[in-house]
Amino acid sequence: HGMGKDEEHAVQCYLKAAAQGDADAQYSLGLCYWNGRGVGKDEAQAAKWYRKAAEQGLADAQFRLGSCYLDGHGVGKDAR
């Protein structure tokens, strides 16, 4: 099951909007990296984009980022 051109195009659009500070695009980009849709699966990149969106107050991104820390996916396991 290869990556579709539509998914790759969506990722490019998300990247442009995310670079401009669009929290929804940042979150969507995180999902793409998490699921390997349009890009290679990369939990660290997913966590990075979740964090950017979470810092802007996007609740879904905050939840996902929290889950990353809880499970140690894409981030160092939180020892606190």
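Consider region 12-27. How many of its residues are aromatic (F, W, Y) and open to solvent by 40 Å² or more (accessible area, probe 1.4 Å)? Explain how you work it out, then say what you get.
Keep residues of region 12-27 that are aromatic (F, W, Y), which gives 14, 27.
Still in the list and also open to solvent by 40 Å² or more (accessible area, probe 1.4 Å): 14.
So the answer is 1.
Within region 1-11, the residues that satisfy the criterion of being assigned to a helix (DSSP H, G or I) and exposed (fewer than 12 other Cβ atoms within 10 Å of the Cβ) are K5, D6, H9. Region 15-80 holds helices (runs of 4 or more DSSP H) entirely within its bounds, and those carrying 2 or more residues that are among the hydroxyl-bearing types (S, T, Y) and out of contact with any Pro (no Cβ under 7 Å at 6 or more places or on another chain) map to 23-35, 59-71. In region 28-76, the qualifying residues are those that are over 16 Å from Y14 (Cβ atoms) and acidic (D, E), and the one that is most open to solvent (accessible area, probe 1.4 Å) is E55.
Looking only at region 69-80, which residues are within 15 Å of Y33 (Cβ to Cβ) and either touching an Asp or Glu at 6+ places or on another chain (Cβ under 6 Å) or at pLDDT 95 or above (or both)? Quick ask: steps written out before the conclusion?
Of all residues in region 69-80, those within 15 Å of Y33 (Cβ to Cβ) come to 73-75.
H73, G74, listed by residue number.
The values are calculated or read from the model by the stated rules, or taken from the named source; none is laboratory data. Since this is a predicted model, take the numbers as computed values, not measurements. Using ideal geometry, Cβ is built from the backbone for each residue, glycine included, and neighbour counts are taken over all protein chains shown. Just so you know, the surface numbers come from the protein's heavy atoms only, side chains and all, with ligands and any DNA or RNA stripped out. Shrake-Rupley method; radii C 1.70, N 1.55, O 1.52, S 1.80 Å.
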